[in-house]
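The structure appears right after this line, and notes come after that.
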Amino acid sequence: GDTRIILIVEQTSDFIAIKNRGTTLYSQTFGADDGDCGKATTRVTTQVWTDDVELFLAVLNVPIIEVEIQEDIWCEYQDSYLYTYSSGTSSYDDLASAQAACLERDDCGGITQEPYNDNRYTLRVGPELYEGVSPTDEISWVTCEAEVEIQEDIWCEYQDSYLYTYSSGTSSYDDLASAKAACLERDDCGGITQEPYNDNRYTLRVGPELYEGVSPTDEISWVTCEAELLKRNDKEELNDTEELKDKE
């Protein structure tokens, strides 16, 4: 089936634990009164859960057993990133450690590798994945079964157009991807206008009115397609209402 199990049994002379994807399903520490359990053994009888949640007794004959069913649970995305570092330790030397830590975190939506930071693997909150738009060749991983919102087609571009008034805080960015990500985090950002007269900087604008096709300086603007559609629908409804009033 589609259920994936990674079962790891960790065993010493006085301890045993069964883990699935970093989650401990069962553990036991043995004392001096537990018969021969104080002696090292490679034969342990314990309870095991199958993928259909059936519970039964099984004999595990090796100290460490790793059973992997199906392929890797992580999907890789080139030139992509997730926003906001996870709480706690968020930077790791290797991918495996980052993936294990991410699965333990409630606020970790994936991992982004930072080429500009010694290729460190960083835990990110997400859950939005900005796919194929990283200006720094970042690589990201999210669990394949995760509901991933890919922010690639939500923006509509308008040539020779602009929005009024800069957004609060930092409002100018070197690249479009960074400007889009920042705009989505702002309550007062209605879109982005590129300024050809200012080293082609991408600026966050309040708007929300888009002055389409009338820029005297060849500006280009971006607004979320959904927002623009709603505004156009509102205008159409207003025009319909005015036409009805004129007929009356």
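Cβ-Cβ distances below 6 Å connect the following pairs, each with a first residue in the stretch 164-192 that is of a type in the set (Phe, Trp, Tyr), a second residue that is open to solvent by less than 70 Å² (accessible area, probe 1.4 Å) and not in a strand (DSSP E or B), and a separation of six or more residues or different chains: TYR173/ALA179. Yes or no: the stretch 71-90 includes at least one residue that is more than 19 Å from the chain's Cα centre (by Cα) and modelled with pLDDT under 50. Yes, the stretch 71-90 contains a residue that is more than 19 Å from the chain's Cα centre (by Cα) and modelled with pLDDT under 50.
Exactly one residue out of CYS189, CYS183 is hydrophobic (A, V, I, L, M, F, W, C) and either assigned to a loop (DSSP other than H, G, I, E, B) or open to solvent by 40 Å² or more (accessible area, probe 1.4 Å) (or both): that is CYS189. Looking at this structure, is GLU212 modelled with pLDDT under 95 and within 23 Å of the chain's Cα centre (by Cα)? No, not satisfied.
Entry remark, the stretch 78-107: residues being crowded, with 19+ Cβ neighbours inside 10 Å and part of a helix (DSSP H, G or I) number 4 in total.
The values are calculated or read from the model by the stated rules, or taken from the named source; none is laboratory data. These numbers come from a predicted model, not from an experiment. Here the Cβ is made from the backbone with ideal geometry for all residues, glycine too, and neighbour counts use every protein chain on show. When the accessible area is computed, the model is the full protein with side chains, heavy atoms only, and any ligands, DNA or RNA have been set aside. Shrake-Rupley method; radii C 1.70, N 1.55, O 1.52, S 1.80 Å.
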